[in-house]
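Take a look at the structure below.
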Amino acid sequence: MLSGLFKKAEPKEKQIEIYESNPGAGDWLAYDKPHDLLFKAAEDWAKEMKGIEKPWLCWNVSERWCVLQQRLVEAVGWTPVVGRDPRYSKPRVIPGAVYVEFNDRFKYPIMYSHFPLEFIFMFADRFAFWHSDLLCRMSKMQELARLYESLEDGEMAGVKDTGGRRYMFSQKHHRYWELAACVTRGASKSQWDHGCGWWRPFFAHPNCPRDPEERRRRQGLPDHGFGAYYWKKHYGGRGREIPLPPLVEGHCTSINREKDYKRVSQEGPMRNMGIEIDLNYSIEEVCKRLDLTEFLDPPAGRWSPGPLLRSR
């Protein structure tokens, strides 16, 4: 019965070598297990999140950053759903948060937060997510929470990434970036049905129609989020855009830091983000700049469970 959700039985042949070694990234060309296992896993996740109305994914690559994200999510009235890259241990889970072992059925050595995003329609009415290296001022957190709560079923919201000024008018370079986003169940199901979700590359999605549609999709870039934006442009998907500039100040990334960013491994599937984020950013300094110091562990912060900073 689960296989009926696929319009084609098997993914296409592997053609992009850079992605072949990392099926846990959420990659159709690299995925190497039965399709039915994906849906069985999503059913497991649904059980873990049963009763949660406003789940927000916090993906652990560094415990201090993950715990801080959990507190920010809890402060605006959402429930932190904690997942992890298996290279890192299970982090602390704050009271009221829920831990989900998204990798339980797969046992991949590496897993990205993108992995469950393709299957939101199976486990949540709406599901928010963000990068593990993103922190937001409380005013921005409240703004995002209000936006996510206002989404009607069938809608999504995400950061629109145009690839920079050079590609401003080149649609094939545009995507919804998972830097910060929320997808409703109806939007997720529509994306699945049209083969335009969050896994990469979306031309290899098992529900992608064959040529000439597949050939047209190949003209885009083979990364996460391009399918979701294609869904909006070509299938009438309802997507709201989250402005990028207000998020940049809290994005603790290697982007645009080619000269001074310290790496412990090459960019790619084996990148050790958990070590690099603490090597390149002081969580105390970032929190001071964003007025988030109170959410840090003592003695740097004064955080303790208390009244929620409601988003409404």
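Does the stretch 103-110 contain at least one residue that is within 18 Å of the chain's Cα centre (by Cα) and crowded, with 23+ Cβ neighbours inside 10 Å? Please lay out each step first, then the result.
Start the filter on the stretch 103-110 by keeping residues that are within 18 Å of the chain's Cα centre (by Cα), which leaves 103, 108, 110.
Those still in the list that are crowded, with 23+ Cβ neighbours inside 10 Å too: none.
No, there is no match, as no residue in the stretch 103-110 is within 18 Å of the chain's Cα centre (by Cα) and crowded, with 23+ Cβ neighbours inside 10 Å.
What pairs come out if I take residues in the stretch 235-257 that are part of a strand (DSSP E or B) and pair them with residues that are of a type in the set (A, V, I, L, M, F, W, C) whose C-beta lies under 6 Å away, six or more apart or interchain?
As it stands, the answer is Gly239/Met156; Arg240/Ala157; Ile242/Ala157; Ile242/Val159; Ile242/Ala180; His251/Leu134, since those pairs meet every condition given.
Right, Gly96: surrounded by fewer than 24 Cβ atoms within 10 Å (Cβ to Cβ), modelled with pLDDT of 95 or more, touching a Pro at 6+ places or on another chain (Cβ under 8 Å) and of a type in the set (Gly, Ala, Ser) or not?
Numbers: surrounded by fewer than 24 Cβ atoms within 10 Å (Cβ to Cβ): yes; modelled with pLDDT of 95 or more: yes; touching a Pro at 6+ places or on another chain (Cβ under 8 Å): yes; of a type in the set (Gly, Ala, Ser): yes.
Yes: the conditions hold for Gly96.
Of the residues Pro80, Pro86, Pro116, which single one is modelled with pLDDT under 95 and not β-branched (Val, Ile, Thr)? Break it down into steps so the answer makes sense when it comes.
On the way: Pro80 fails: modelled with pLDDT under 95; Pro116 fails: modelled with pLDDT under 95.
Exactly one of Pro80, Pro86, Pro116 is modelled with pLDDT under 95 and not β-branched (Val, Ile, Thr), namely Pro86.
For residues that are under 19 Å from Ala124 (Cβ atoms), more than 17 Å from the chain's Cα centre (by Cα) and not charged (D, E, K, R), scanning just the stretch 60-80, find the one that is surrounded by the fewest Cβ atoms within 10 Å (Cβ to Cβ).
Gly77
From the list Pro222, Pro209, pick out the single residue that is in contact with a Pro (Cβ under 7 Å, 6 or more places away or on another chain) and assigned to a loop (DSSP other than H, G, I, E, B).
Details: Pro209 fails: in contact with a Pro (Cβ under 7 Å, 6 or more places away or on another chain).
None of the other options fit; the residue is Pro222.
Yes/no matrix, rows are residues, columns are (1) surrounded by 11 or more Cβ atoms within 10 Å (Cβ to Cβ); (2) at pLDDT 70 or above; (3) touching a helix residue (DSSP H, G or I) at 6+ places or on another chain (Cβ under 8 Å):
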residue	(1), (2), (3)
Lys259	no, yes, no
Arg263	yes, yes, yes
Pro269	yes, no, yes
Glu276	yes, yes, no
Tyr281	yes, yes, no
Arg289	yes, yes, no
Leu296	yes, yes, yes
Pro299	no, no, no
Ser304	no, no, no
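Can you name the residue in the stretch 160-185 that is surrounded by fewer than 19 Cβ atoms within 10 Å (Cβ to Cβ) and modelled with pLDDT of 80 or more and is also farthest from Tyr148 (Cα to Cα) among such residues? Don't jump to the end; show me each part of the working.
So the first thing to find is which residues in the stretch 160-185 are surrounded by fewer than 19 Cβ atoms within 10 Å (Cβ to Cβ), and the list is 160, 162-173, 185.
Narrowing further to those that are modelled with pLDDT of 80 or more: 160, 185.
Numbers: Lys160: 16, Arg185: 13 Å.
Among those residues, the one meeting the criterion is Lys160.
Output the number of residues of the stretch 64-97 satisfying the condition of being more than 12 Å from Lys54 (Cα to Cα) and either in a helix (DSSP H, G or I) or among the charged types (D, E, K, R) (or both).
15
Of all residues being among the small types (Gly, Ala, Ser) and farther than 18 Å from Asp161 by Cα in the stretch 196-238, which is modelled with the lowest pLDDT? Just the residue, please.
At the first step, the residues of the stretch 196-238 found to be among the small types (Gly, Ala, Ser) are 197, 204, 220, 225, 227-228, 236-237.
Right, trim to farther than 18 Å from Asp161 by Cα and you get 204, 236.
Values: Ala204: 91, Gly236: 94.
That would be Ala204.
Applying the selection to the stretch 26-44, what residues are within 25 Å of Tyr99 (Cβ to Cβ) and either in contact with a strand residue (DSSP E or B) (Cβ under 9 Å, 6 or more places away or on another chain) or assigned to a strand (DSSP E or B) (or both)?
Within the stretch 26-44, Gly26, Asp27 meet the criteria.
Pull out all pairs, ordered by first then second residue, where Cβ-Cβ is under 9 Å, the residues are six or more apart or on different chains, the first lies in the stretch 71-82 and is among the basic types (Lys, Arg), and the second is not in a loop (DSSP other than H, G, I, E, B).
These pairs meet every condition: Arg71/Pro80; Arg71/Phe295.
The values are calculated or read from the model by the stated rules, or taken from the named source; none is laboratory data. What you are looking at is a predicted structure, and each value in this text was computed from that prediction instead of being measured. No Cβ is skipped: glycine too gets one built from the backbone with ideal geometry, and neighbour counts run over all protein chains shown.
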